[in-house]
Amino acid sequence: MRRLCSSVGCLLVLLFTSCITEDVPQDTRRGNFEACWQQLDQRYCFFAQKQEQFGLDWNEVYERYSPSVNEEMTDHQLFELLGNMVCELRDGHVNLSAAHDVARYGKWYDDYPMNYSDSLERIYLGRAEDYQTAAGLKYRILDDNIGYIRCSTFANGFGDGNLHVMIQHLAPCDALIIDVRNNGGGMVTAAQHLASIFFNQTKTVGCFSHKEGPSHEDFSAPIPIEITPFIGLRWQKPVAVLTNRRTYSAANAFVLYMSEADNATIIGDITGGGGGLPLSTELPNGWTLRFSACPTFTKEMKPIEAGISPDIKVDLQPRFLERGCDDIIEAARQYLRP
Amino acid sequence: MILSDFGRKLYTNLILYSSKDIFVKGICWVALCVTLPFSTQAQSLRHLMSDSLNPVRKELHLAVGHANVLDTYLSPITHAGPAVGVLHRAERLARWGAGKVSVQGFYSGNVGFLESVADRGRAYSGDLTAAVAWHYNFHLPSKTRLAVGGMGEVDLGFTYLTRGGNNPEQGRAGVNLGLSLIAEQPFHLWSREWSASAQLDLPLVGARFTPNYGQSYYEIFSLGNYNKNIQFTHPINAPSARLFTQISIPLGRAKLSLGYWGDIRQSELHHLKRHSWNHYFTIGYVRHLAILR
């Protein structure tokens, strides 16, 4: 009995001296700065790529911004400082969100031509009664018997029935255009689902990894991303995927998947990238920090964070609105015509 | 019996149709093991003589208290707030052990309505626990009961952050084997028999699901990449305990119970820290039944 009591006593001592807590900096200006830098330092996944791409040194960023922090700063001043610091990563998935604003890096699209116009989209899709829509996908048959699908987001999943009905409607077409320009992403599962229509057998289309620890080099072994063919529905004719710089995140992943499909051609501008699946965390003052956590690669292990180049590079030409002509759609139609 | 049938069906359905999912298999095995003693006892009761007597104690408690939750997969910030729960205990003598071994079922559920300290960012947390324990009873002088035994438990839970973006929720699932202790002392007050009791459960070894440090649920469940997602737990990496104390006040044929329920769950796996400190005031009733066969 005495032995039992001592064992239990030891366990209780162990328990009550083993509170698991996290050492979070205090909710001060300095504390929030430290927490923001530290969270990214431990959990952001593209330090190696950014260092190679433009020489990013995250410790140097700390040294550069740290002297500017003082306790007299207003909330807006601190937000601006931290916003500028997170933008040093040049990553559209890294955002700092407060009640009054979202700090985000926008040069990945602002420094490039838009190559997309919703006025032109209206010309090609026509009035509401001219096109059909299923699960957010707008589609119609163009006058040269080429099917056109406008996919503006992957934020919502596509039902099997939606895709069946849409492809059955477009089945008589000679070819298909899937327009993912200005598609900012959403669910990668939705992107995989749509891409599965264009594969006849299970195929590795890329690789995926994640961090296993707080060090910059702590990554898991990459695992393959495989597309399994859609059950009972396979598109066998040519397909063109239209891209621009605002084709981002899950839409960027969709382009990666389609680049491995047998009959697919990528036409337009280089995609915006966003090859890291984002996760979120919080700062001591409650601001939300989003960051790229899990990198996606091509099957040859090339990162897609900086974008995917098209097979055929096409830009919108000057005065496209006056001409009422979307040069990227027209290039795709010309390429696809039998 | 019913529980065991449920366990068997759960095992058959989930294991046969999810044969690749080792973790689901594990959960089902443990669920089956947890429910099995009740089945065995219920079936064996049929073989008892008709005049035999098997005392059973059943308790149901409602709990109101406070929860303090940290999960660094979601946020390094601690969230805390009011919590409510329900707890059910049933205990009876085992068929074996010459009247000195008792078997106990312990089932609890709780949900916390949490806020971050800084700016009232909302979060929710909940847990379900099912445990079974076998105790060897020492009957000491002055009717003091001291019981020592082993327990097995299954727990499922979640934490949901309303501002979590791509990773708003963390799921939890685990199994534990551990030590269970009960001390009980009846006493007389105003010519009625009251009793005070305390039960301490200490998980010693177990297995727990956890995503890896930066791993997303998309990778685990959509791509099917399991990267050490089941971790072995012990008091060093998961120091946890459950304490339940109560005073039973006689009230007619039953007893009113007032008590304290403390549930301390902690782990540090894959550099991810988690704690869920729950403290409740409980009110419930205790019934002693004698089953005649």
Among A:251-257, B:197-203, the order from most to least packed when residues are scored by Cβ within 10 Å on average: A:251-257, B:197-203
nm² value of the averaged projected area, convex hull over the Cα atoms of segment B:60-108: 5.4 nm²
Euclidean distance of C-alpha centroids, segment A:60-100 and segment A:194-245, integer Å: 34 Å
R0 of 30 Å, Cβ-Cβ distance A:SER215-A:ARG30: FRET efficiency to nearest 0.05: 0.80
Proximal charge balance of A:SER152 [Cβ under 12 Å; K/R count +1, D/E count -1]: +1
Where only alpha carbons of segment A:237-338 are counted, the Rg and the Dmax (Å): 17.0, 60
Peptides B:149-159, A:189-199, B:96-106, B:163-173 ordered by average Cβ neighbours within 10 Å, highest first: A:189-199, B:149-159, B:163-173, B:96-106
Burial ordering of A:ILE304, A:ILE177, fewest other beta-carbon atoms within 10 Å first: A:ILE304, A:ILE177
Sequence of B:SER125, A:SER6 once ranked by neighbouring C-beta atoms within 10 Å, starting from the fewest: A:SER6, B:SER125
Count of Lys pairs (Cα-Cα under 23 Å; at least 8 positions apart or interchain) in segment B:54-292: 6
Positive minus negative residues near B:ILE182 (Lys, Arg vs Asp, Glu; Cβ under 15 Å): +3
The protein assembly as shown, dipole about Cα centre (Lys/Arg Cβ +1, Asp/Glu Cβ -1), debye to the nearest 20: 3420 debye
Shielding of A:272-285 by partner chains, average beta-carbon count, 10 Å: 5
3J(HN,Hα) from dihedral phi, segment B:76-87, Karplus parametrisation 6.51/-1.76/1.60, rounded to Hz, x for glycine, proline: x, 8, 7, 10, 9, x, x, 9, 10, x, 9, 9
Contact order normalised by residue count of segment B:61-149, Cα under 8 Å, 6+ apart, percent: 23 percent
Cα convex hull volume per residue for the protein assembly as shown (Å³): 202 Å³
Quarter of the Cα convex hull surface for chain A, i.e. its orientation-mean projected area (nm²): 24.3 nm²
Inter-part distance where segment A:145-172 and segment B:252-293 are each reduced to a Cα centre, Å: 53 Å
Residue-averaged beta-carbon neighbours from other chains (10 angstrom radius) around A:198-210: 2
Virtual spin-label span in nm between A:ARG337 and A:GLU22, 7 Å along Cα→Cβ: 5.9 nm
Vicinal HN-Hα couplings computed from phi for segment A:261-273 (Karplus, 6.51 cos²θ - 1.76 cosθ + 1.60; Hz; Gly/Pro x): 6, 5, 9, 9, 10, 8, 10, x, 9, 4, 6, x, x
In nm, spacing of pseudo-spin labels at A:ASN84 and B:ASN237 (7 Å Cα→C-beta vector): 4.3 nm
R0 of 35 Å, Cβ-Cβ distance B:ILE247-B:ARG122: FRET efficiency to nearest 0.05: 0.50
Per-residue Cβ neighbour rank within 10 angstrom, fewest leading, B:LEU93, B:LEU269, B:LEU189: B:LEU189, B:LEU93, B:LEU269
Amide H contacts under 5 Å for A:ALA240, placed H, 5+ residues apart: A:LEU176, A:ILE177, A:ILE178, A:THR265
Segment A:251-260 - phi-based ³J(HN,Hα) in whole Hz, Karplus 6.51/-1.76/1.60, Gly and Pro as x: 5, 4, 5, 4, 5, 4, 4, 5, 5, 9
Efficiency of FRET between B:GLU115 and A:ASP315 - r from beta-carbon atoms, R0 60 angstrom, step 0.05: 0.75
Dipole magnitude of segment B:54-292, debye to nearest 20 (Cβ charges: Lys/Arg +1, Asp/Glu -1, about Cα centre): 740 debye
Inter-site label distance for A:GLN168 and B:LEU204 at 7 Å from Cα along Cβ, in nm: 6.3 nm
Percentage relative contact order, chain A, counting C-alpha pairs under 8 Å, at least six apart: 18 percent
Under 19 Å from the Cα of A:LYS50 - lysines, other chains or at least 8 residues apart: A:LYS107, A:LYS211, A:LYS302
Rounded to 10°, Cα long-axis angle of helix A:327-336 versus longest principal axis of chain A: 60 degrees
Segment A:274-289 and segment B:183-217: distance between their alpha carbon centers, rounded to Å: 36 Å
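The numbers here are math on the coordinates, done by the rules we state, and not lab data. Remember, it's a predicted structure, so these values are computed and weren't measured experimentally. Counting neighbours? That spans all protein chains shown, and the Cβs are built from the backbone with ideal geometry, glycine included.
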